[in-house]
């Protein structure tokens with residue numbers, strides 16, 4: 001059974017939370033577990049709030065300037081271990097998506113990275129990216145024609161192990177992902193209908209999973225009538241993200257572009273709500289938890305992000321951060337370095 005993109009995201013807004021059981025081994029979700037909707041993790045920035053902290057801190061580089069020059073400058077701060085065949089994972093968007101990253105900025109950035117290829121994967125719902133043929137037409141429509149784009153699940157899946165995860169033992173990634181030595185996670189940071197927000201974790205955890213198998217695993221789906229939401233979904237994303245981070249080791253870096261931050265993901269395409277908050281800037285780090293934590297802290301520090309904060313909290317999206325911390329995927333303490 002195929003689900004439409006509209007139906008997929010409509011389900012994301014319902015209050016009831018589905019139980020996912022069966023082939024993926026995910027335990028039943030009780031109402032009690034999800035009764036703490038307002039008990040989201042505390043936004044724990046030590047730099048933006050001025051709080052002191054002890055121990056180590058990850059480096060997160062930041063600029064308010066959103067253009068190719070500053071994107072490249074920040075990348076050079078973190079690219080020491082990016083070698084060999086390089087994948088650049090970004091969300092290329094549904095047809096005519098209004099909020100996707102500017103093609104000219106990405107083109108200038110990609111041109112600075114030897115032996116690099118943009119990568120994407122097919123989606124689990126209907127629409128312009130549901131299979132490889134449609135996906136390639138959408139890539140042309142959206143202007144992603146300046147370099148090769150590898151649809152990594154065009155030839156099937158490969159299982160990446162999840163070591164010490166919450167629920168999953170392995171996740172089916174697009175088969176071609178294993179062909180790359182390094183991964184640059186170039187993320188349009190924004191809201192998300194199911195995850196609350198889409199940062200670096202969402203970009204790889206869902207974005208690299210194969211459309212036919214892996215994305216259903218990450219969404220906890222046994223059939224199209226049951227889509228896991230809330231804390232369980234965030235934990236499943238953390239499992240998937242950990243598998244990818246473990247696979248690439250030091251050869252993975254993260255960039256969040258906080259521009260045109262709709263409450264909706266780029267998956268929604270032209271149906272995405274118009275952003276109601278101002279652009280913030282670009283962040284770059286070698287630490288996935290630190291960069292998503294810093295991005296969230298910047299959202300909460302801004303005066304005009306009420307709609308985005310409501311989307312994050314109503315979906316329990318901050319659980320992404322605490323889940324990554326529990327899986328030891330990175331450091332929630334960071335030094336924000338302006339460039």
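Taken together, the values in this text are just the output of simple stated rules run on the coordinates, not laboratory data. Keep in mind the model is a prediction, meaning the values are calculated, not measured. Cβ placement follows ideal geometry from the backbone for every residue including glycine, while neighbour counts extend to all protein chains displayed.
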> Stretched out fully, how many nm does the piece from residue 163 to residue 64 gain, at 0.36 nm a residue minus the Cα gap?
Replying inline: 32.0 nm
> What is the fewest-to-most order of 188, 70 by other Cβ atoms lying within 10 Å of their Cβ?
Replying inline: 70, 188
>> I'd like the distance between the alpha-carbon centres of the stretch 132-169 and the stretch 215-261, rounded to an integer number of Å.
In response: 13 Å
>> I'd like the FRET efficiency for residue 147 and residue 328, computed as 1/(1 + (r/R0)^6) with the beta carbon distance as r and R0 of 30 Å, rounded to 0.05.
In response: 0.30
> Say a paramagnetic label sat at a point 7 Å from the Cα of residue 103, along Cα to Cβ; which residues of the stretch 183-223 have their backbone N under 18 Å from it?
Replying inline: 188
> What FRET efficiency, computed as 1/(1 + (r/R0)^6) with R0 = 25 Å and r the Cβ-Cβ distance, is obtained for residue 72 and residue 278, rounded to the nearest 0.05?
Replying inline: 0.60
>> Give me 53, 109 sorted ascending by neighbouring Cβ count inside 10 Å, so fewest comes first.
In response: 53, 109
>> As a footprinting exposure proxy, order 253, 221 by other Cβ within 10 Å, with the fewest listed first.
In response: 221, 253
> Out of every Cα pair in the stretch 122-238, what percent are spaced more than 17 Å from each other?
Replying inline: 59 percent
> Three principal axis extents, largest first, for the C-alpha atoms of the stretch 223-339, in Å?
Replying inline: 47, 37, 22
>> Could you tell me the center-to-center distance, by alpha carbons, between the stretch 63-106 and the stretch 285-339 in angstrom?
In response: 19 Å
